[in-house]
1. Can you list the helices (runs of 4 or more DSSP H) found entirely within the range 291-408 that contain at least 1 residues being within 22 Å of the chain's Cα centre (by Cα)?
2. Report, by residue number, each residue of the range 566-580 that is modelled with pLDDT of 80 or more, over 26 Å from the mean Cα position of the chain (by Cα) and within 12 Å of ligand 2 (Cβ to nearest atom).
3. Cβ-Cβ below 8 Å, separation at least six or inter-chain, first residue in the range 157-181 and over 16 Å from Ala41 (Cβ atoms) and of a type in the set (Val, Ile, Thr), second open to solvent by less than 30 Å² (accessible area, probe 1.4 Å) and at pLDDT 85 or above: which pairs?
4. Output the qualifying pairs, or none if there are none: Cβ atoms under 6 angstrom, residues six or more apart or on different chains, first residue in the range 446-459 and farther than 22 Å from Lys308 by Cα, second residue open to solvent by 40 Å² or more (accessible area, probe 1.4 Å) and modelled with pLDDT under 80.
5. On the basis of being in contact with a helix residue (DSSP H, G or I) (Cβ under 7 Å, 6 or more places away or on another chain), modelled with pLDDT of 95 or more and farther than 22 Å from Tyr11 by Cα, does Leu241 make the cut?
6. Of the residues Lys373, Lys380, which is surrounded by fewer than 18 Cβ atoms within 10 Å (Cβ to Cβ), modelled with pLDDT of 85 or more, within 22 Å of Val322 (Cα to Cα) and not β-branched (Val, Ile, Thr)?
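The values are calculated or read from the model by the stated rules, or taken from the named source; none is laboratory data. Here the structure is a predicted model, which means the values were calculated and not measured. Here Cβ is always computed from backbone atoms with ideal geometry, including for glycine, and neighbour counts include all displayed protein chains. Accessible surface is based on the protein model in full, side chains and every heavy atom, while ligands, DNA and RNA are left aside. Shrake-Rupley method; radii C 1.70, N 1.55, O 1.52, S 1.80 Å.
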Amino acid sequence: MVSVDEIRKKYLDFFKKKGHKEISPAPLVLEGDPTTLFTSAGMQPLIPYLKGEKHPLGRRLCDSQPSLRLQDIEEVGDNRHTTFFEMLGNWSLGDYFKEEQLSWCLEFFTKELGIKKEKLWVSVFEGLKDKSGKEIVPRDETSYNIWLKLGIPKERIFFYGPQKNWWSRSGDPELMPEGEIGGPDSEVFYDFGKPQHSGCHPNCDCGRFLEIGNSVFIQYEKKNGKLVELPQKNVDFGGGLERIAMAVSSQNDIFKIGTLKDLVSKIEEVSAFHYGEEEKKDKSFRIVADHLRAAVNILAEGVYPANKLHGYVARRLIRKSVFHLYFLGVEKNNALSFIATSLKGQEKISKNWDFIDENLNFEEAKFKQIMEKGVRKLDKIISEGNKVDGKMAFDLYQNDGFPLELTLEFLGQRGINFDKKAEEVFRSEFEKHKELSRKTAARIFKGGLADHSFEVTKLHTATHLIHSALRKVLGEGVSQKGSNITSERLRFDFSFDRKLTDEEINKVEKMVNEVIKRGLPVFFEEKPLDEAISEGALHFFAERYGKTVKVYTVGDPEGEYFSKEVCGGPHVKNTKEIGRVKIIKQEKLGAGVIRIYAVAES
Ligand SMILES: [Zn+2]
Ligand SMILES: [Zn+2]
């Protein structure tokens with residue numbers, strides 16, 4: 001059987017032979033991108049080039065990009081959906097188009113990988129009309145005719161509308177925000193032959209068909225609410241590496257492929273169950289394997305579990321894994337880290353293993369406590385002869401982090417019904433709560449600043465001073481991990497392996513307050529990111545897609561300065577405005593991260 005690694009190599013070699021240059025994959029964790037937290041497609045880092053900017057490596061590119069799609073999180077548990085996956089990609093930046101792309105795609109699948117052509121079905125775009133019936137995007141007869149010419153019979157070519165055969169990061173044309181790019185696409189499906197039922201077609205979700213590659217013809221941009229043609233016609237191909245491996249080996253279960261298979265075997269070692277024996281348990285096996293792999297890949301980029309943004313995603317993935325291990329009867333401590341050792345063959349993971357290991361163990365133990373506390377509370381409610389209602393279940397979730405699924409499982413094990421009405425009450429409370437956290441999240445996305453009031457501006461400039469002072473007192477190993485500012489106080493997270501001593505805190509405070517007293521000016525300049533980095537500017541929120549970044553310097557940008565940092569602002573003009581800074585509290589957050597709180601007194 002051809003391995004996942006071999007398929008990746010064959011793909012990159014094949015496209016290099018066709019004149020493509022291999023680009024290095026983007027990080028999974030994106031900082032400072034207001035639209036998204038993680039790389040979810042290979043095209044994401046290439047957006048400026050798809051819009052017409054010149055790429056230094058030319059107009060034909062390829063790579064293999066680790067990606068995370070949280071949209072699919074609820075689908076995990078079936079035979080083919082995962083949140084984390086590796087995506088093979090090739091691009092034409094205004095170079096070749098449909099003819100070459102579709103024929104190379106087929107050549108790769110059939111000649112290089114030996115997939116039988118009879119097993120492949122394809123789809124093309126049926127066109128888009130406005131409400132009055134006027135054509136906006138034509139039906140893709142070109143791709144249809146190319147597929148016919150390549151030997152795919154018309155019975156296996158399907159036309160679909162914008163729901164299925166249009167690609168942009170935000171979905172169909174109506175959902176595309178201003179400036180978003182996209183276009184019609186043509187997908188290739190592998191036919192497992194089963195199950196057979198009437199009315200089945202490539203996009204049926206019975207599991208017979210598996211999408212293994214999508215050629216997107218990116219030629220439109222949303223401008224003033226309308227689709228307009230980009231200056232160049234692009235190709236953006238993406239194919240899930242493990243899905244392709246499924247087709248190559250005719251294996252209708254992604255959890256029997258590559259690292260997912262290794263993870264499932266490791267889970268079996270600590271579980272009382274075996275994979276493939278019972279559908280409900282299999283679902284738990286799959287969720288643990290997928291979520292743990294995704295979490296480990298996030299941790300490998302220095303994110304620790306937390307309540308916001310990237311850290312929240314890591315926490316949610318880890319907790320859901322712990323919770324499903326419980327269903328699988330796993331009692332071993334540090335089970336997640338034990339299972340994850342099967343991923344240590346990957347360099348990024350082995351290099352960061354200590355951080356991954358500590359954080360998995362820390363979070364697992366913490367969530368187990370939550371689970372035990374929840375179970376005790378439920379026991380108490382029941383032993384006192386009370387019924388668990390929707391409100392109680394929601395309070396357990398909101399106050400103790402105890403998920404509804406666990407409440408249901410607990411009740412199920414004791415043969416108690418949680419009636420439909422109670423579940424509805426839970427869901428409606430839950431929706432209200434979600435709406436609230438969505439609003440909060442929208443605010444936090446704007447750079448971690450609550451507002452642009454003077455108080456917030458002062459405290460924000462103070463974080464730059466604290467960041468620099470911490471590095472001067474504790475060493476250059478200290479770097480910012482996050483910050484949050486309200487008009488009352490600032491919160492600053494940084495990498496360090498222990499709490500600070502009183503003496504260290506005094507030193508940091510003294511250094512910061514001396515700078516404030518000296519009344520240093522705060523300057524900003526705009527410059528290319530690499531130039532800023534080479535000048536030594538700290539760059540936690542590196543704006544990866546902007547050509548230029550703002551660099552704020554406290555002191556003289558050309559001469560002696562106290563702090564130099566890439567940041568979007570806002571800042572005071574002179575440090576004198578800040579007032580006296582006092583560190584009021586510190587906490588150890590997970591492994592290797594310290595959080596401090598500080599206030600400014602005028
Ligand atoms: Zn079907
Ligand atoms: Zn700043």
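1. Values: elements: 309-327, 335-340, 347-351, 353-383, 390-400.
Result: 309-327, 335-340, 347-351, 353-383.
2. Those that are modelled with pLDDT of 80 or more, over 26 Å from the mean Cα position of the chain (by Cα) and within 12 Å of ligand 2 (Cβ to nearest atom): His571, Val572.
3. Ile157/Val122; Ile157/Ser123; Ile157/Val124; Ile157/Trp147
4. If the second residue must be open to solvent by 40 Å² or more (accessible area, probe 1.4 Å) and modelled with pLDDT under 80, the pairs left are Ser453/Ser487; Glu455/Ser487.
5. Details: in contact with a helix residue (DSSP H, G or I) (Cβ under 7 Å, 6 or more places away or on another chain): yes; modelled with pLDDT of 95 or more: yes; farther than 22 Å from Tyr11 by Cα: no.
Judged against the criteria, Leu241 is not a match.
6. Details: Lys380 fails: within 22 Å of Val322 (Cα to Cα).
Selected residue: Lys373, the only one of Lys373, Lys380 that is surrounded by fewer than 18 Cβ atoms within 10 Å (Cβ to Cβ), modelled with pLDDT of 85 or more, within 22 Å of Val322 (Cα to Cα) and not β-branched (Val, Ile, Thr).
This table checks each residue for (1) open to solvent by 40 Å² or more (accessible area, probe 1.4 Å); (2) among the hydrophobic types (A, V, I, L, M, F, W, C); (3) closer than 21 Å to Val4 by Cβ.
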{"site": "Asn297", "(1), (2), (3)": "no, no, yes"}
{"site": "Pro305", "(1), (2), (3)": "no, no, no"}
{"site": "Tyr326", "(1), (2), (3)": "yes, no, no"}
{"site": "Val330", "(1), (2), (3)": "no, yes, no"}
{"site": "Thr341", "(1), (2), (3)": "yes, no, yes"}
{"site": "Ala365", "(1), (2), (3)": "yes, yes, no"}
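Let's see how each residue does on (1) at pLDDT below 95; (2) acidic (Asp, Glu); (3) more than 16 Å from ligand 1 (Cβ to nearest atom); (4) surrounded by fewer than 21 Cβ atoms within 10 Å (Cβ to Cβ):
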{"position": "Gly448", "(1), (2), (3), (4)": "yes, no, yes, yes"}
{"position": "Glu455", "(1), (2), (3), (4)": "yes, yes, yes, yes"}
{"position": "Ala469", "(1), (2), (3), (4)": "no, no, yes, no"}
{"position": "Lys481", "(1), (2), (3), (4)": "yes, no, yes, no"}
{"position": "Ser495", "(1), (2), (3), (4)": "yes, no, yes, yes"}
{"position": "Ile505", "(1), (2), (3), (4)": "no, no, yes, yes"}
{"position": "Ala532", "(1), (2), (3), (4)": "yes, no, yes, no"}
